[in-house]
1. May I ask which residue of GLY186, GLN163, GLY207 lies farthest towards the positive end of the charge dipole of the stretch 147-226, with charges of +1 (Lys, Arg) and -1 (Asp, Glu) on Cβ and the Cα centre as origin?
2. Which pairs in the list LYS14/LYS162; LYS14/LYS251; LYS73/LYS110 are over 29 Å apart, alpha-carbon to alpha-carbon?
3. Going by the alpha-carbon gyration tensor, a ≥ b ≥ c the square roots of its eigenvalues, is the stretch 152-266 rounded (a/c under 1.5) or, if a/c is not under 1.5, prolate (a/b greater than b/c) versus oblate?
4. Keeping every protein chain in place, order PHE159, PHE204 by accessible area at 1.4 Å, biggest value first, i.e. largest first.
5. Specify the residue with the greatest mean-square fluctuation among GLY88, GLY130, GLY240, computed from a Gaussian network of the chain linking alpha-carbon atoms under 10 Å apart.
6. With springs only between Cα atoms under 10 Å, which of ILE140, ILE249, ILE96 fluctuates most in a Gaussian network model of the chain?
7. Assigning unit charges at the beta carbon (Lys, Arg +1; Asp, Glu -1) and nothing else, what dipole magnitude in debye, to the nearest 20, does the stretch 3-139 show about its Cα centre?
8. For the stretch 6-101, just say rounded, prolate or oblate: build the C-alpha gyration tensor, square-root its eigenvalues into a ≥ b ≥ c, call rounded for a/c under 1.5, and beyond that prolate if a/b exceeds b/c, oblate if not.
Amino acid sequence: MHPMLNIAIRAARKAGNVAIKAYENPSSIEIDTKGANDFATNADRAAEALIIETIKKAYPDHTIIAEESGLAKGNDAETQWIIDPIDGTTNFIKNIPHFAVSIAARVKGKTEVAVVYNPMSNELFTAARGKGAQLNGYRIRVSNAKDLDGSVLATAFPFKAKQHSDSYFAVLQKLFTRCGDFRRSGSAALDLAYVAAGRLDGFFEIGLKPWDIAGGELILREAGGVITDFAGNNNYMVSGNVVAGNPRIVKDLLVSTQNDWPEKLRN
Ligand code: IPD
Ligand code: CA
Ligand code: CA
């Protein structure tokens, strides 16, 4: 196994244990509000600290980009770890067992290894570049849906950017008439991993952050999926606007919605 994947898995499992302990003892959870409908807890911070400690022990020079503590430049700026200690904090706070630790490592801008770990279901999604994607060690692949007809898609409401509600719900309504059904799970990292595993046929969301995307992205690609922005391009890490699925689903999602997004979301 890729040595960095080994470290990522070790770190994810340790962080997952922190999350489980807090989840089982909800009165220990302290919540602060970072922005509109945007929360962090003491468990997010403790899990993140443990992930960083585990990575730094193995790779003291690497650079870290983590949701709660930000950027910690290392001597090696070309190797970056992108960390979301708990993706799905609202679920975590509400005691809904659907959240994940997401860790990706990028070398010279290319993601080499990735882990998305749901500690509550003990589901470990992993990938190494060029080596495929796995769930608990078994190879996974995207679904073979041909188009949106009958497909099950995931999305998220723009709960942190409600100014986009009108355009978002117009797109949702249009897609809803085409697809079979929708899910809104509350964890973008797990949404991407579920698409990778063929549990969902596609996914779209407005305004994600790099740590929501980086782990799930490699897992999805290694499972045969594609991910683009709303124009079908590669600007999604910057814009945070993401469309994901097997190549045919992504094409159908893009063609179906290309004229519906306002100019400022079309990237
Ligand atoms: C959030 C989750 C959620 C998505 C939000 C993210 P967080 O991450 O991925 O599913 O809809 O856009 O911010 O804040 O729980 O790490
Ligand atoms: Ca997140
Ligand atoms: Ca988070």
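1. My answer, from the dipole projection, is GLN163.
2. On the way: LYS14/LYS162 35 Å; LYS14/LYS251 38 Å; LYS73/LYS110 18 Å.
Checking Cα-Cα distances, LYS14/LYS162; LYS14/LYS251 exceed 29 Å.
3. Details: a/c = 1.39, a/b = 1.22, b/c = 1.14.
Rounded is the answer for the stretch 152-266, as its axis ratio a/c remains below 1.5.
4. On the way: PHE159 65, PHE204 5 Å².
Sorted by accessible area, descending: PHE159, PHE204.
5. Result: GLY130 has the largest fluctuation of those listed.
6. ILE96
7. Working: 16 positive and 16 negative charges, 115 e Å.
Result for the stretch 3-139 is approximately 560 debye, rounded to the nearest 20.
8. Values: a/c = 2.56, a/b = 1.68, b/c = 1.52.
Taking the square roots of the gyration eigenvalues as a ≥ b ≥ c, the stretch 6-101 is prolate.
The values are calculated or read from the model by the stated rules, or taken from the named source; none is laboratory data. Quick caveat, the model's predicted, so the values are computed rather than measured. Backbone-built Cβ (ideal geometry, glycine too); neighbour counts: all protein chains shown. Note: accessible area is taken over every heavy atom of the protein model, side chains too, but ligands, DNA and RNA are not part of it. Shrake-Rupley method; radii C 1.70, N 1.55, O 1.52, S 1.80 Å.
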